[in-house]
Every structure is written in C-alpha cells, then in structure tokens.
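Values quoted throughout were computed directly from the atomic coordinates according to the rules given, and no laboratory measurement underlies them. Just so it is clear, the model here is predicted, and its values are computed rather than measured. As a convention, Cβ positions derive from the backbone with ideal geometry for all residues, glycine included, and neighbour counts pool all protein chains shown.
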Amino acid sequence: MTQRRSDHRSKKADDEDDVLEWVDQVMATVAAEVRRRRRELGWSAKDLADKCEEMGHPIPRNVIANMESRRRSNLPLVDVMVLAQALNTPPICLIYPVGYVDDVQRLPLQDSTSPLDALRWFTGEETELGADDDMLRYFRAHQAAQERLRSARRDEEYARYHAQTAPNADRKAEALRSQARAAEAADGAASRLRRVRAFIEEEGVTPPFLWPDVADVIDSPRTGPETTEENDL
C-alpha cells in the first residue's frame, strides 16, 4: 500500500515529538538529580552556585533554580561536569542516576532501558553495539594488567615473608608453593602489560605512565619472546 503524504507528515511529526520528549526527559533527570544531591548535602541553590564559582566556572543561583524547576530548557555539558564535581559525583551519574530512577531512554525513538545499561553504553563498557575503539580497549587492558601485576607482586611478597617465618617445614613448603604461583602470575601480568604497551606504540600513541612499583618490572630486560594476537587483549 502506498503511504499517503499526510501519513508521512504525521509520522514525521510523531518522531519530532518523541525527540522533544526525550530531550525533556534528559533535562528533567539531570535537574532532579542535581536537586536531590544538593538537598542531601544540605545546600541551598546559592551554596551550590558558590561552590561552582570556587571551581572557576560560575553557575549563578538563578540558573540552578531555573534548571531545577525546569524553567530552563537546556544545560551545557560543561555545566553538567562542574555541577557533578561540586556535588561530588561522576557527571554520568547525573544523566543516568543508577538506583534513583527505574528506567531511562538512551536516545530518541528507542525503547527505555535500565540506568545501569545506559551508563555502560555511555562509558563504552557496552560490548554489544558493534562499536570498535581499539585505543579505549588498549588503555583499559593496560590498567587491568597493571592492577593484576601489582596484586601478584604483593601476593608474592606476602608468601615470601611467610616462607621465611614458617614455624615448621610443612608450613614453609606451603608458603613456597604460594610464592611460586604468585611469581608466575606476576610474570604473566608483566608480559601482558608489555604486549599492551607495544600495541599502543604501534598505533603511534604514547602508552600511559606506569605506576612506580610496576615500572621497575616492565622496564627490566625481557627473558624471552612475547607475542600475542591483538584479539587476545
């Protein structure tokens, strides 16, 4: 059946209404969360405005009041960032307040979803969207490898201490086995961290700074070849 022009105009109008409704929803959610967190801190709108001014990005009291009462129809991203810092919360939690609303709409013309799923999409943790950002993946792998290496080295030191102070041969043997497992885990984490840094450098990007207690391990000479596929990261 051929769609009539009037039907087409009607659908377009409905879509435009949905977009406007979505914009209003986002603004209302941010405004409500700013108000809730402000009151939780026992602050007035002026207190919050003063805090923003201290941070170097003034947001007048009347602007905050108009936003909270929904008399203001837009809110710049920079204001959201400063308000979040002033309220001691991540900016994303003003947009998707996990635990304080039942559902949100990520984008217009989409079904509602949970705030946590929307937050994971916004921050790039959502893996089902088919979006590729290798550098984000590399940097997250870098962070995870550093944390794994630090933890393994601490476990190794802990086991070494218990081996040295063991009251009997059996306890010493058990501690030495734990030390060997921790040392193996540390070697694996160090190898992974070197591989991640190599992939980042291949892209012409400077790898993140290494933590001081990790740098001495990573900067030491390698004991053998380290190869891996990119998809293993």
What distance in nm lies between label points placed 7 Å from Cα along the C-beta direction at residue 54 and residue 140?
3.5 nm
Grab the Cα-Cα distance for residue 201 and residue 85, subtract it from 0.36 nm times how many residues apart they are, and report the gain in nm with one decimal.
38.5 nm
Gain in length, residue 219 to residue 194, computed as 0.36 nm per residue apart minus the alpha-carbon separation, to one decimal in nm?
8.1 nm
Measure off 7 Å from each Cα along the Cα-to-Cβ vector at residue 23 and residue 101, then give the distance between these two points in nanometres to one decimal.
1.6 nm
Could you rank the peptides 37-43, 173-179 by their average count of other C-beta atoms within 10 Å per residue, with the highest value first?
173-179, 37-43
If you plug each phi of segment 19-25 into the Karplus form 6.51 cos²θ - 1.76 cosθ + 1.60 with θ = phi - 60°, what whole-Hz ³J(HN,Hα) values come out, in order, with x for Gly and Pro?
5, 4, 5, 5, 4, 4, 5
Along segment 74-84, what does the Karplus equation 6.51 cos²θ - 1.76 cosθ + 1.60 (θ = phi - 60°) give for ³J(HN,Hα), rounded to whole Hz, x for Gly and Pro?
8, 8, x, 4, 4, 5, 4, 4, 5, 4, 4
Quote to one decimal, in nm, the extra length available between residue 109 and residue 211 on full extension: 0.36 nm per residue of separation minus the C-alpha distance between them.
32.3 nm
Report the charge-dipole magnitude of segment 27-113 in Debye, nearest 20, computed about the Cα centre from +1 at each Lys and Arg Cβ and -1 at each Asp and Glu Cβ.
260 debye
I'd like to know how segment 53-186 sits against the 2.2 N^0.38 Å rule of thumb: what's its Cα Rg over that expected value?
1.72
